[in-house]
Each structure stands twice: as structure tokens, then as C-alpha cells.
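Everything below concerns the one structure shown next.
The values are calculated or read from the model by the stated rules, or taken from the named source; none is laboratory data. Here the structure is a predicted model, which is why all the values come from computation and not from measurement. Neighbour counts run over all protein chains shown; Cβ positions are idealised from the backbone, glycine included. Note: areas computed on protein heavy atoms with side chains; ligands, DNA, RNA excluded. Shrake-Rupley method; radii C 1.70, N 1.55, O 1.52, S 1.80 Å.
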Amino acid sequence: MRKILFVATAAAMALAMFSGTAQAAGHQFRGHIATTAVPGPTITIDGRGHVSGLGDTTMTGVQTADPTTGALTGSGTFTAANGADITFAWSDIPVGGTPPVITFAGSMRVIGGTGRLADRCGTVGFTGGFDFRTNTGYFDVSGALETC
């Protein structure tokens, strides 16, 4: 009986250690950003919000829309309160809804970072919307980044 208990305890400890390692490797990247944008051939985006791991966050970006499909392609930089930043790129993001209010969803991948974010890599998902009447929108990010 002691041998079975020992084996079960050892297996539970190994599982806990493995699970802890897997969770520690990923850095949560979740949050909400309220945006304003200036439409044009190149769309400029500014935003503010809160993202886990960054705290209060500002975001700047640019994107273009494919005139045939409306799909969005661009990049954006999220800057933490301490000045560290992380830059993402996205492409071929489908747009839905009915103008003047549109919706979009997709994923963006890390293309660079500074400070404590310089060694991050990975891809996170996002959903959002934009109202052309007010030039305001939002997007929510959700995922985990790895240390590279």
C-alpha cells in the first residue's frame, strides 16, 4: 500500500511540476484598448487601455485596407507605463458588419520589443469594432506570449 501511495504521490508531484513549468513559460497578454483612428489610404490608430503584463497601455499603429476585399493589414506598438514596448503585425484580417459600423477579428504576431519585452515572441488573437461616424473603436487582445 505504501508503494502505491508513493508512486501516486510522485506522479502527482511530477504533473504539478510539469504544469507549473508550462504555465510559467507563457506570459498572459489580455486587455481592452479604446481607439481613435484617422481613415485614409493609410489608417492611423491611437489607443489607450489596460493589458495584463503591461498595465496602463498606449497603442499606436497604421494599417491599410485592401480595396477589393476590405481586409486589413498593419502593425501596432503597445507601450507600457514604464516605457517598454512590444510591436505586432497583422495581415489579411477580414472585416464584417455594415458600415458605418464594422467588426474585425484575427491574430497578430510579435515583430519586436524593447526593455523587458525585448525577448517576447508569439501570436495573440484580437476582436474589435470601429464606428466611422465617430472615428472611434476598440479591440480586445487575448493570448499568451513566450520568452524566446
**Prompt:** Residue-wise, which Karplus ³J(HN,Hα) couplings in Hz belong to the stretch 62-77, taking 6.51 cos²θ - 1.76 cosθ + 1.60, θ = phi - 60°, and x for glycine or proline?
**Reply:** 9, 7, 10, 10, 5, x, 8, 9, x, 4, 9, 9, x, 8, x, 10
**Item:** Amide H partners (placed H, <5 Å) of Phe29, local residues excluded
**Value:** Gly143, Ala144, Leu145
**Asked** Taking the Cβ of Val141 as the center, what net charge do the other residues with Cβ under 13 Å away carry, scoring Lys and Arg +1 and Asp and Glu -1?
**Response** +1
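Kindly report the accessible area of the stretch 96-142 per residue (heavy atoms of protein chains, probe 1.4 Å, no ligands, DNA or RNA), in Å².
For the stretch 96-142, the per-residue accessible area is 51 Å².
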**Item:** In order through the stretch 100-106: 3J(HN,Hα) via Karplus (6.51 cos²θ - 1.76 cosθ + 1.60), integer Hz, x for Gly, Pro
**Value:** x, 10, 10, 10, 7, 7, x
**Item:** Gain upon complete extension [Thr98, Thr36; 0.36 nm per residue less C-alpha separation]
**Value:** 20.4 nm
**Asked** How many nm is it between the label spots at Cys121 and His27, if each spot is 7 Å from the Cα in line with the beta carbon?
**Response** 1.4
**Fill in**
Taking 0.36 nm per residue of separation between Phe132 and Ser107 and subtracting their Cα-Cα distance, the length gained on full extension comes to 6.8 nm
**Complete:** For Thr73 and Thr44, extending 7 Å from Cα along the Cα-Cβ vector and measuring point to point gives, in nm, a value of 2.2
**Fill in**
Using the Kirkwood formula on alpha carbons, the hydrodynamic radius of the stretch 28-148 in angstrom works out to 14.3
